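A short write-up of the structure that comes next.
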Amino acid sequence: MRVIGIDPGSKVCGYGVLEVQNGEVTHIQSGCIIPKPSLPLNQRLKVIYDGISKVIDLHSPDVMSIEDVFFAKNAKSAIKLGQARGVAILAGSNAEISIYEYAPTRVKLALTGRGRANKAEVQSMLTMLLGVDEWQTQDASDAVAIAFCHINISQIEKKLGKEFIQPRRKRRRFTIDDLPS
C-alpha cells in the first residue's frame, strides 16, 4: 500500500509519500509546495492543486491521508486553510484514491503515544522509524507523520477490527429541555 500524507496550508503545503510492504514502512519522498507569497489566493490554490496532482501522478498512491480541520483563533486563517484542504482533497478525488482525515492530536498519538507531542518529538520519532536524518521543513515531516498515522491505524483495524478503535465517548451536555417540568 502506498500512502500520500498532506499537511495543508495556503502558504506552504507539505506532502509525504510512504509505502508499506510486508509490515515494513519505506519513505519514498517528501517535500513542500510553496506558492509565491505575492500571488493572490486563487492562484496559490491552483499551484497547490497542480503540485499535489503531480506528486500523485508520479507516485500513484493508493490512499491519501490529510490533516483534519482544527479550531483556529483567526477566522480568516481557518478559512484559507479550509480552502487549501479543499484543493488537496479535490486532487485526490480526481485521481480516484481513497481519502482519510485525521485530527492533529490523533496523528501525534499514533506516532509518539502522546496526543500533545511537539513537532520536534514527532520529527525525532519519524527519524528513528524511517531513517530520514533531515527534513526539508516541518510541513514535510508533518505530512509524513499523517501518512504514517494512516498506516498504523489501518494495520490495527485490519488485525483487530474497526470496533476496537473508537474515539473517546463524548459526555452528553444537558440543556434546559432535559429538566422535568
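Listing for the model above:
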{"read-out": "Length released on extending from residue 79 to residue 26, taking residue separation times 0.36 nm less the Cα-Cα span", "value": "15.7 nm"}
{"read-out": "Separation in nanometres of the label points that stand 7 Å from Cα toward Cβ, at residue 11 and residue 70", "value": "1.6 nm"}
{"read-out": "FRET efficiency estimate (nearest 0.05) - Cβ-Cβ, residue 43 to residue 154, R0 45 angstrom", "value": "0.80"}
{"read-out": "Answer label for Rg/Rh (Cα atoms, Kirkwood Rh) (calculated), chosen among (i) 1.03; (ii) 1.37; (iii) 0.94", "value": "(i)"}
{"read-out": "Fully extended contour minus Cα-Cα distance, from residue 1 to residue 57, at 0.36 nm per residue", "value": "18.6 nm"}
{"read-out": "Fewest-first sequence of 53, 77, 10 by Cβ atoms within 10 Å of each Cβ", "value": "77, 53, 10"}
{"read-out": "Modelled FRET efficiency - R0 30 Å, residue 95 with residue 116, Cβ distances, 0.05 increments", "value": "0.35"}
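Throughout, read-outs are computed from the coordinates displayed, never taken from laboratory work. These numbers were taken from a predicted model, which means no experiment stands behind them. Virtual Cβ from ideal backbone geometry, glycine too; neighbours counted across all protein chains shown.
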